[in-house]
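Let me begin by presenting the structure, written as structure tokens, before commenting on it.
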Amino acid sequence: MSNTLWALAEHRHGLLFRHEAIPLLGERRLDRMLARGRLEAVGSGVYRVPGSPRTPEQSLLAAVGAAGLDCAVAAGRSAGWLWGLVDDPPPAPEVMVPNGRRRRLTGVRIVESLDCTPEWKIQRRGIPTLNPILTMVELARVLDREAFADSLERGLGLFSMSAMWSILDT
């Protein structure tokens with residue numbers, strides 16, 4: 001594999017995306033690498049470098065990539081985990097896409113939102129992620145009262161309550 005692809009994969013939790021690999025390799029060479037096991041398909045247009053560590057971050061980035069890097073973000077408990085608002089990642093990655101862009105992805109919880117806009121997307125650990133304030137809104141829907149209060153207390157280092165209220169008032 002080319003040094004450029006290795007460098008990309010190294011910064012992407014051992015993953016490559018088709019839209020990046022085709023210009024560097026060409027479609028035929030990419031297909032040969034897949035056929036020879038030098039890359040593994042892990043989702044639509046998402047490839048894993050064999051031997052790269054399997055991590056929750058890798059699974060989450062693969063889910064976001066398969067849902068559409070142009071529009072999808074880690075959300076809910078997945079985003080909460082990336083922001084340090086909850087201790088552990090959820091059993092299945094949680095991904096938000098704009099309304100009408102829903103895809104069926106095995107082992108991934110997809111949530112559609114009318115409000116999912118590009119300005120709400122922030123890179124966190126190299127993964128497109130919902131910003132921390134909107135992550136808190138998502139967590140309010142899925143956590144019990146005690147867990148949410150703990151997450152809110154942790155979040156106060158990431159945002160102010162006035163910033164959170166201004167988002168909620170819109």
Checklist entry - Which one of these is free of Cβ contacts under 8 Å to residues at least 40 places away in the same chain and among the β-branched types (Val, Ile, Thr): VAL97, VAL73, VAL64? => result VAL97
Checklist entry - Out of ARG32, ARG28, ARG36, ARG18, which single residue is closer than 29 Å to PRO89 by Cβ, modelled with pLDDT of 90 or more and of a type in the set (Lys, Arg)? => result ARG18
Next on the checklist: I'm checking my understanding of the structure. Among residues of the range 35-49 that are of a type outside the set (Val, Ile, Thr) and open to solvent by less than 50 Å² (accessible area, probe 1.4 Å), which one is farthest from LEU69 (Cα to Cα)?
Outcome noted: GLY37
Checklist entry - Just wondering, is there one or more residues in the range 11-24 that are among the acidic types (Asp, Glu) and either open to solvent by 40 Å² or more (accessible area, probe 1.4 Å) or in contact (Cβ under 8 Å) with a residue 40 or more places away in the chain (or both)? => result no
Item to check | Answer from LEU143, LEU158, LEU168 - the residue that is open to solvent by less than 40 Å² (accessible area, probe 1.4 Å) and either at pLDDT below 95 or over 30 Å from LEU16 (Cβ atoms) (or both) | outcome: LEU143
Next on the checklist: Can you tell me which residue is farthest from LEU134 (Cα to Cα) among those in the range 83-94 that are touching a residue at least 12 places away in the same chain (Cβ under 8 Å) and surrounded by fewer than 23 Cβ atoms within 10 Å (Cβ to Cβ)?
Outcome noted: ALA92
Checklist entry - Going by the structure shown, is ARG103 modelled with pLDDT of 90 or more, over 13 Å from SER78 (Cβ atoms) and either open to solvent by 20 Å² or more (accessible area, probe 1.4 Å) or small (Gly, Ala, Ser) (or both)? => result no
Checklist entry - Checking ALA63 against (1) buried (at least 19 other Cβ atoms within 10 Å of the Cβ); (2) over 21 Å from ALA9 (Cβ atoms); (3) of a type outside the set (S, T, N, Q), which test does it fail? => result (2)
Checklist outcome for this item: Residue hits (the range 106-128; modelled with pLDDT under 90 and either surrounded by fewer than 10 Cβ atoms within 10 Å (Cβ to Cβ) or of a type outside the set (D, E, K, R) (or both)) are THR106, VAL111, SER113, LEU114, CYS116, THR117, PRO118, GLU119, TRP120
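The values are calculated or read from the model by the stated rules, or taken from the named source; none is laboratory data. This is a predicted model, so every value here is computed, not measured. For neighbour counting, all protein chains shown are included, and Cβ atoms are generated from backbone atoms with ideal geometry for every residue, glycine included. Each accessible area value is taken on the protein alone, full model and side chains, heavy atoms only, with ligands, DNA and RNA left out. Shrake-Rupley method; radii C 1.70, N 1.55, O 1.52, S 1.80 Å.
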